[in-house]
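A.B. asks: Below you'll find the structure I mean.
The values are calculated or read from the model by the stated rules, or taken from the named source; none is laboratory data. Just so we're clear, the structure is a prediction, and the values are computed from it rather than from any experiment. Every residue, glycine as well, gets a Cβ built from its backbone with ideal geometry; the counts of neighbours run over all protein chains shown.
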Amino acid sequence: MEDILKKCNVILVGSDTAPIKPKMYALMHNHTIVATVTSPDDSLGIQELTHHGHIIEEERFANENIPISTYQITKEKYIHLICNGNAQNLTYSQFGVDDPTLAMPLILHALAGYELARNNGMTKKRIQCLEERIMKDYLKIHQEFARETEDYWRSDGAVLAS
């Protein structure tokens, strides 16, 4: 885990079985972007860290299409949490999807949008349009896969029944 934190500037925490421990935050690059598919308490221990003053919440863009919070982890180092560390696939997806793999386009889009917005390269409205299109396309793919899987199991059951 420590190697990942030292080498990567975008980190997706997939479960609470290998959470980021308080001492590990100092290993991260400045402006590392962190996302989870669980909760900020399970994966990141954010409430405990802020409560004990180990990290300081600097700003929160809660009214954005994809909220991003910035925390100061050392005197000159900051990290950014997509959706404040909450699972994007459950909390902020307009489609209400619960499969963590469906969060990936949302996470990647949030990252790209954040980087573009920081450099004033793209408007918020354009980012919102892109997010909607990306999620609709991804949902369509997911639904097609679900139909194919259902058809497969139906045809398998029909063969077994005959």
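A.B. asks: Could you please find all residues in the range 1-55 being under 18 Å from Lys77 (Cα atoms), within 18 Å of the chain's Cα centre (by Cα) and of a type in the set (A, V, I, L, M, F, W, C)?
C.D. replies: Ile4, Leu5, Cys8, Val10, Ile11, Ile20, Met28, Ile33, Val34, Ala35, Leu44, Ile46
A.B. asks: Right, another one. Filter the range 4-56 for residues that are charged (D, E, K, R) and over 14 Å from Asn86 (Cβ atoms) and give the result.
C.D. replies: Lys6, Lys7, Lys21, Lys23, Glu48
A.B. asks: Evaluate the following for Asn65: is it assigned to a loop (DSSP other than H, G, I, E, B), under 26 Å from Gln128 (Cβ atoms), modelled with pLDDT under 80 and not basic (Lys, Arg)?
C.D. replies: In short, yes.
A.B. asks: Let me ask something additional. Can you name the number of the only condition in (1) at pLDDT 80 or above; (2) buried (at least 18 other Cβ atoms within 10 Å of the Cβ) that Val37 fails?
C.D. replies: So the condition that Val37 fails would be (1).
A.B. asks: Given the options Asn89, Asn30, Asn84, name the one that is modelled with pLDDT of 75 or more and surrounded by 13 or more Cβ atoms within 10 Å (Cβ to Cβ).
C.D. replies: Criteria check complete, one pass: Asn84.
A.B. asks: Would you check if Ala103 is in a loop (DSSP other than H, G, I, E, B), at pLDDT below 65 and within 15 Å of the chain's Cα centre (by Cα)?
C.D. replies: No: the conditions fail for Ala103.
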